[in-house]
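Here's the structure, in structure tokens; my notes come after.
The values are calculated or read from the model by the stated rules, or taken from the named source; none is laboratory data. Quick caveat: nothing in here was measured; it's all calculated off a predicted structure. We place every Cβ from the backbone using ideal geometry, glycine too, and count neighbours over all the protein chains shown.
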Amino acid sequence: MFLFGIPGLVLYLGLYYGIPIFQRIGLPELFLFPFFLWLPIIPLLPISIILFKREKIEQLNLSLKKRFRLDRVTKRD
């Protein structure tokens, strides 16, 4: 809940309160909407890498490619 609750709250606050505030300043919605969508996602990348390193200590044969399921895209996909 912690890893998804805080980004969800940031997303909610950004979309419902942040966008109108910045629109009043004069910034276009075209740039504000993607900004507030990516804002809560950006901190999740370093957190996921830190948690991967902790998990790797317990499972020595775990690789980054295997953990994040970074497989080649096939024609079927």
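For region 65-72, state whether one or more residues are part of a helix (DSSP H, G or I) and among the aromatic types (F, W, Y). Within region 65-72, none of the residues are part of a helix (DSSP H, G or I) and among the aromatic types (F, W, Y).
Residues are listed down the side, and each one gets a yes or a no for (1) in contact (Cβ under 8 Å) with a residue 24 or more places away in the chain; (2) of a type in the set (V, I, T):
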residue: P7; (1), (2): yes, no
residue: Q23; (1), (2): no, no
residue: L37; (1), (2): yes, no
residue: I41; (1), (2): yes, yes
residue: P46; (1), (2): no, no
residue: K56; (1), (2): no, no
residue: L62; (1), (2): no, no
residue: R69; (1), (2): no, no
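Scanning region 1-53 for residues that are β-branched (V, I, T), farther than 24 Å from R69 by Cα and either surrounded by 11 or more Cβ atoms within 10 Å (Cβ to Cβ) or assigned by TED's automatic domain parsing to the domain that holds K65 (or both) yields I6, V10, I19, I21.
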